[in-house]
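The values are calculated or read from the model by the stated rules, or taken from the named source; none is laboratory data. Owing to the predicted nature of the structure, the values given are computational and were not obtained by experimental measurement. When we count neighbours, we look across all protein chains shown, and the Cβ atoms used for this are built from the backbone with ideal geometry, even at glycine.
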Amino acid sequence: MGGLSKRKKFLVGVSGGRDSMVLLHALHALGFQKMVVCHLDHGLRGASSKLDARLVKRASDRMGLEIEQARARTAEYAIAEMIRWKRVFLIFSVGAVLPDWEV
């Protein structure tokens, strides 16, 4: 997995959808044991949003992974929070890759 060290702690955003759940399971199967699973229950899909949050929590617990979950209070706040989280993940991703680049 490129420049990612299995010994370092890193964040992985998991929505509860099929693609992010596959990513979570794949990273865990590859030996990444120090992940912090991050999930934002944006509340935009009603009961489905709550089910996604429970799914992510159960999977994280089964894998013995640390989890950080948040629930947005309103749809507008949720959208702003998702944008902020994506920026944070982009910064972490770029930070993890840049040291490996030759300038």
Just to be sure I understand the filter: pairs with C-beta atoms under 7 Å, separated by 6 or more residues or on different chains, first member in region 6-29 and free of Cβ contacts under 8 Å to residues at least 60 places away in the same chain, second member part of a loop (DSSP other than H, G, I, E, B) and among the aliphatic types (A, V, I, L, M). Which pairs pass? Ser20/Val14; Met21/Val14; Leu24/Val14
Among the residues of region 5-58, which ones are touching a helix residue (DSSP H, G or I) at 6+ places or on another chain (Cβ under 7 Å), buried (at least 16 other Cβ atoms within 10 Å of the Cβ) and in a loop (DSSP other than H, G, I, E, B)? Val14, Ser15, Gly16, His42, Gly43
Residues of region 1-43 satisfying the condition of being among the aromatic types (Phe, Trp, Tyr) and under 18 Å from Arg62 (Cβ atoms): Phe32
Can you find a residue that is modelled with pLDDT of 85 or more, among the charged types (D, E, K, R) and not in a helix (DSSP H, G or I) anywhere in region 61-80? yes
